[in-house]
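Enquirer: For reference, the structure I am asking about is given below.
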Amino acid sequence: MKKLMWTTFWTITIVATIYSVTTGESFVSMSQSVSVDHQEMERYLSTEVMEPNFGGDVWTSYQILDTNTTKHEVYVWALIQEYVQEGDRFEQGSGMSVPLVLYLDDDDESFTIQGHRLPRDGSSYPTDLWTMFPVHVQLAISPHPDGIVTKLHTQMEQKLSHSQHGKDGKED
């Protein structure tokens, strides 16, 4: 029994060490919170990640999956959608629903997004998830987070509805 306990202990230690060396993260991690400016997130996601293809406006809805103060990263799932107004309704244009890593300025105490990365399509997607996101985030978004995406679509519809009601009120 004692030999089994020591074997288990050393196996876990070796696996954790190899994992830490190859991924740069630990199995045991403390919550590392980054102060998030939601207006800056909205601005960045709607202007820097995707260009509209049909002359419409880009709208976004997102969920923060985690943050990492050591790496100055924010992990999000974003729904980014172009909408073209056709009379009194919005028509969808180009769009995407993807996980992203947002890179923050590490010298600035304010929330400034310096860039982003999203996983490549196809067979590169699983490899990119492995290299870009912590394990617990990978598990939350693999193979596809239907619940998150449904929630983001609902939020997007509410934003569009609110925007339309605001325009209706201004025209009266």
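The values are calculated or read from the model by the stated rules, or taken from the named source; none is laboratory data. All of these numbers come straight from a predicted model, not from anything done at the bench. Just the protein is used for accessible areas: all its heavy atoms, side chains included, with ligands, DNA and RNA removed. Shrake-Rupley method; radii C 1.70, N 1.55, O 1.52, S 1.80 Å.
Enquirer: Would you compute the Debye intensity of the stretch 35-172 from its alpha-carbon atoms alone, equal scatterers and no solvent, and pass along log10 I(q)/I(0) at q = 0.09, 0.11, 0.13, 0.14 Å⁻¹ to two decimals?
Expert: Taking Cα atoms of the stretch 35-172 as identical point scatterers yields -0.30, -0.45, -0.61, -0.70.
Enquirer: Need one value: the accessible area of His162 in square angstrom, 1.4 angstrom probe, rounded to the nearest 10.
Expert: Accessible surface of His162 is approximately 140 Å².
Enquirer: Under a 1.4 Å probe, what is the accessible area of the stretch 120-167 per residue, stated in Å²?
Expert: 62 Å²
Enquirer: If you count only protein heavy atoms and use a 1.4 Å probe, how large is the accessible surface of Glu157, to the nearest 10 Å²?
Expert: 120 Å²
Enquirer: To continue, here is another question. Arg120: accessible area at probe 1.4 Å, nearest 10 Å²?
Expert: Around 130 Å² of this residue is reachable by solvent.
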